[in-house]
Amino acid sequence: MFFDEKGFKKDFKWGSSTNPQQFEGGHGQGGKGVSIADVRVIPGADKESNFNEFKIASDHYHHMKEDIKLYAEMGFEIYRFTIAWTRIFPNGDEIEANPEGIAFYSAMLDELDKYNIEPVATLYAYDLPLNLLEKYRGFMSHEIIKDFTHYAETVIKAFKERIKYWIPFNEQNFIDLDSEYMTGYKAKNRAEVFQLQHHFNLCYAKTTNLVHEIDPAAKVGGNLGNVCLYPLNCDPVNVEATDELAYKSGYGFADILFRGVYSGIFIKSYEGTDFSSIVLDDDLEVLKSASPDFMALCYYLSAAIEANSFEDRALNGVITKNPYIDATEWKWPIDPYGFKHYLHDYYHRYQLPILITENGMGARDTLKEDGTVNDDYRIKYLADHIARMKEAVEEGVEMIGYLTWSATDLYSTREGFEKRYGFVYIDKDYKRIKKRSFDWYKKVISTNGEDLSY
């Protein structure tokens, strides 16, 4: 029968993700320009643990071949990276691309192809060219659409037929949480948040269409970073608050990316906005014209919702502590059951195959004197989440693959190297050291997710 198939399909892909601002480094090298990430500072971070900054990050720029060889040793079948806009167009608005930038990513694709690793390319991950922020306030201006689509068209043409999967933006819905971090511009009110988001949406739609026009065999997907939301209890007030937050932080953005429409409840959250001054005549038609091929989804945690509660919250708004589950040191709830619910929810709502682009656990990993890193807590986190993902697949959720966050340690957006996610530890000399989870994930991949023991 249809649902008799057990486990992951043979073409299910395993791998991991990184992004340039946290991983690539190479600031000012190879013609790279200055991005908002290059001038970002982590306030209050421990200087001893944070032995570098975003300009250097994990120094992948100088360790690219070594890193990809490690991915191949683990058995990666797919790898998601982000192209740095300022490596292709240093100021963001040039006509001609920087040849050294194109050459760097071309060499990366050569290495991935050498080991039969499928590349997934994201075009933007919180690293706007600083020049565009200073020139016209970046994504606050309609001008960004011309410059971003020129950048997108350039790299899609440059790597046509070499990259099958494209993602225009990383975690596009996070503008609502932190517009300054994502765009360099701190929105003053909800109207400005919508203005930023609307220009993102237009860039996304136009890029989706460009991928299909330039390389019809390629696929493109919208990317969301979501939280599985539960009402703290069955009080209708908490249920309503959960529904409202689900639309404000998740479904409302998904409706745009995967259906091309602004839903009424989503628009209501921007009450008081003069939409006529932001949404131009043909904008809604542009949004509707895009037809993505898959959903690129990130999952780390769930959250319990209690209306008007501001105690012990991990995120903005009405999120409160869930008394039934454990949490990490950074108060991120650990909830593999929420992962399964999330997969079912989005798949059955939007009916597109899912590529998990981020899932992982941040922790203070310790490098012992004998050169080992025993991260059993990370192994348990991943094993439990993969087990629930497997159940979702067996129950009919269509999936392309699973990418952890992250392949190696990288410079965390809030905590620098205090908070580590990778299978490979990076020390102060940028030496790569395999953690215990390295061999564990290698086994998981080699058995197509059947052996999760540890």
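Numbers below:
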{"read-out": "Pair list, Cβ < 6 Å and 6+ apart or interchain, from the range 244-262 residues that are closer than 18 Å to residue 289 by Cβ to residues that are among the hydrophobic types (A, V, I, L, M, F, W, C) and in a helix (DSSP H, G or I)", "value": "260/287"}
{"read-out": "Verdict on residue 263 being under 25 Å from the mean Cα position of the chain (by Cα), closer than 20 Å to residue 223 by Cα and surrounded by fewer than 14 Cβ atoms within 10 Å (Cβ to Cβ)", "value": "no"}
{"read-out": "Pair list, Cβ under 9 Å, 6 or more apart: the range 89-102 residue more than 10 Å from residue 150 (Cα to Cα), other residue surrounded by fewer than 17 Cβ atoms within 10 Å (Cβ to Cβ) and among the polar types (S, T, N, Q)", "value": "100/29"}
{"read-out": "Residue among 436, 414, 420 that alone is over 20 Å from the mean Cα position of the chain (by Cα), touching a residue at least 40 places away in the same chain (Cβ under 8 Å) and closer than 28 Å to residue 59 by Cα", "value": "436"}
{"read-out": "Wholly enclosed helices (runs of 4 or more DSSP H) of the range 229-291 bearing at least 3 residues farther than 25 Å from residue 325 by Cβ", "value": "252-259, 264-268, 283-289"}
{"read-out": "Some residue of the range 282-298 being within 28 Å of residue 390 (Cβ to Cβ), hydrophobic (A, V, I, L, M, F, W, C), over 20 Å from the mean Cα position of the chain (by Cα) and at pLDDT 95 or above", "value": "no"}
{"read-out": "Search result, residues across the range 343-383 that are under 21 Å from the mean Cα position of the chain (by Cα) and in a loop (DSSP other than H, G, I, E, B)", "value": "351, 352, 353, 359, 360, 361, 362"}
{"read-out": "Check on residue 134, in a helix (DSSP H, G or I), among the charged types (D, E, K, R) and either touching a residue at least 12 places away in the same chain (Cβ under 8 Å) or out of contact with any strand residue (DSSP E or B) (no Cβ under 9 Å at 6 or more places or on another chain) (or both)", "value": "yes"}
{"read-out": "Residues being assigned to a loop (DSSP other than H, G, I, E, B) and more than 11 Å from residue 303 (Cβ to Cβ) - total across the range 328-342", "value": "4"}
{"read-out": "Conditions (1) out of contact with any helix residue (DSSP H, G or I) (no Cβ under 6 Å at 6 or more places or on another chain); (2) in a strand (DSSP E or B); (3) within 29 Å of residue 150 (Cα to Cα); number of the one not met by residue 222", "value": "(1)"}
{"read-out": "Hits in the range 95-126 - residues which are within 16 Å of residue 155 (Cα to Cα) and assigned to a loop (DSSP other than H, G, I, E, B)", "value": "95, 96, 97, 98, 123, 124, 125"}
{"read-out": "Odd one out for residue 92 among (1) part of a loop (DSSP other than H, G, I, E, B); (2) surrounded by fewer than 19 Cβ atoms within 10 Å (Cβ to Cβ)", "value": "(2)"}
{"read-out": "Residues of the range 8-26 satisfying the condition of being in a loop (DSSP other than H, G, I, E, B) and in contact with an Asp or Glu (Cβ under 6 Å, 6 or more places away or on another chain)", "value": "25"}
{"read-out": "Residue in the range 180-198 that is β-branched (Val, Ile, Thr), modelled with pLDDT of 95 or more and surrounded by fewer than 24 Cβ atoms within 10 Å (Cβ to Cβ) present", "value": "yes"}
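Rundown of residues vs (1) part of a helix (DSSP H, G or I); (2) closer than 21 Å to residue 290 by Cα, yes/no style:
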{"residue": "169", "(1), (2)": "no, yes"}
{"residue": "186", "(1), (2)": "no, no"}
{"residue": "192", "(1), (2)": "yes, no"}
{"residue": "205", "(1), (2)": "yes, yes"}
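The values are calculated or read from the model by the stated rules, or taken from the named source; none is laboratory data. Bear in mind the structure is a predicted one, so any value in this text is a computation, not a measurement. Cβ atoms come from the backbone with ideal geometry, glycine included; neighbour counts cover every protein chain shown.
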